[in-house]
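Trainee: I am attaching a structure below and will ask some questions about it afterwards.
The values are calculated or read from the model by the stated rules, or taken from the named source; none is laboratory data. Since we're looking at a predicted model, the values are computed, not measured. Reconstructed Cβ throughout: ideal geometry from the backbone, glycine too, with neighbour counts over all protein chains shown.
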Amino acid sequence: MCNIVHPYLQDQLPEGNGARVCFGCGADNVHGLRIKSWVERGKCLCRFHPEPHHTAFPGVVNGGVIATVLDCHGIWTAVAYYQEKYGKAVMFVTRKLTVEYLKPTPLGPELFLEGRVVDEGKRSLTVELELRVGDEVTARAKLVGVQVVMGDKEVMGDE
């Protein structure tokens, strides 16, 4: 994974076609999490700084927010992998997401995510993800993403 055009994968989405409204990563969603994923040394990475309104209970990040960040970053891991391997940007959607919460994720410090593709089907990719706070893994996930074509609309802006 090294031929990605934009530093942040989400920046590949063209403005004005409605593709930038995702709650997890959409730049046009003012209420969303707006995560940014990038590829570095063959790994798909993401940093996220949870806000006080992402609280489950005092000092701990809500599990749904954690699942959303893992889900969205997993999809972008699949997009980056496919783009690098096949030279075409296509969009994926989540077929299945399994999250294992290992310990409470503290609110305050920046969260670091890493994703990697571990299996490839005909139209699907399986991604394993880890969420860390510093060196401590607080959650793991496995995501199965499937390629999607949305009618005549070009989701990724690829000519």
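Trainee: Just checking: which of the strands (runs of 3 or more DSSP E) contained wholly in segment 100-159 hold 2 or more residues that are among the acidic types (D, E), surrounded by 14 or more Cβ atoms within 10 Å (Cβ to Cβ) and at pLDDT 95 or above?
Mentor: 124-133
Trainee: Which residues, counting only those in segment 60-80, are out of contact with any Gly (no Cβ under 9 Å at 6 or more places or on another chain) and not in a strand (DSSP E or B)?
Mentor: Correct list: N62, G63, G64, V65, I66, A67.
Trainee: Please tell me if G63 is touching a residue at least 40 places away in the same chain (Cβ under 8 Å) and out of contact with any Ser or Thr (no Cβ under 6 Å at 6 or more places or on another chain).
Mentor: No: the conditions fail for G63.
Trainee: Suppose we filter E136, E128, E110 for residues that are of a type in the set (D, E) and in contact (Cβ under 8 Å) with a residue 60 or more places away in the chain; which single one remains?
Mentor: It is E110.
Trainee: Something else: Please specify each residue of segment 68-106 satisfying the condition of being farther than 14 Å from V127 by Cβ, in contact with a strand residue (DSSP E or B) (Cβ under 6 Å, 6 or more places away or on another chain) and of a type in the set (A, V, I, L, M).
Mentor: Hits for segment 68-106 are V90, M91, L102.
Conditions tested, residue by residue: (1) within 19 Å of A139 (Cβ to Cβ); (2) modelled with pLDDT of 85 or more.
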{"residue": "A27", "(1), (2)": "no, no"}
{"residue": "H31", "(1), (2)": "no, no"}
{"residue": "W38", "(1), (2)": "no, yes"}
{"residue": "G42", "(1), (2)": "no, no"}
{"residue": "R47", "(1), (2)": "yes, yes"}
{"residue": "H53", "(1), (2)": "no, yes"}
{"residue": "F57", "(1), (2)": "yes, yes"}
{"residue": "V60", "(1), (2)": "yes, yes"}
{"residue": "L70", "(1), (2)": "yes, yes"}
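Trainee: Scan segment 39-59 and give yes if some residue there is part of a helix (DSSP H, G or I) and touching a helix residue (DSSP H, G or I) at 6+ places or on another chain (Cβ under 9 Å), otherwise no.
Mentor: yes
Trainee: Can you tell which of R116, R132 is of a type in the set (K, R) and under 14 Å from the mean Cα position of the chain (by Cα)?
Mentor: Unique residue meeting the criteria: R116.
So that you can scan it fast, the table gives a plain yes or no per residue for (1) within 16 Å of R132 (Cβ to Cβ); (2) out of contact with any Asp or Glu (no Cβ under 8 Å at 6 or more places or on another chain):
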site: K43; (1), (2): yes, no
site: P50; (1), (2): yes, yes
site: Y81; (1), (2): no, yes
site: E100; (1), (2): yes, yes
site: P109; (1), (2): yes, yes
site: F112; (1), (2): yes, yes
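Trainee: Now, a different point. Is there a residue in segment 67-79 that is closer than 20 Å to G32 by Cβ, of a type in the set (D, E, K, R) and under 17 Å from the mean Cα position of the chain (by Cα)?
Mentor: For segment 67-79, residues closer than 20 Å to G32 by Cβ, of a type in the set (D, E, K, R) and under 17 Å from the mean Cα position of the chain (by Cα): present.
Trainee: What is the residue count in segment 60-77 for residues that are touching a helix residue (DSSP H, G or I) at 6+ places or on another chain (Cβ under 8 Å) and of a type in the set (S, T, Y)?
Mentor: 0
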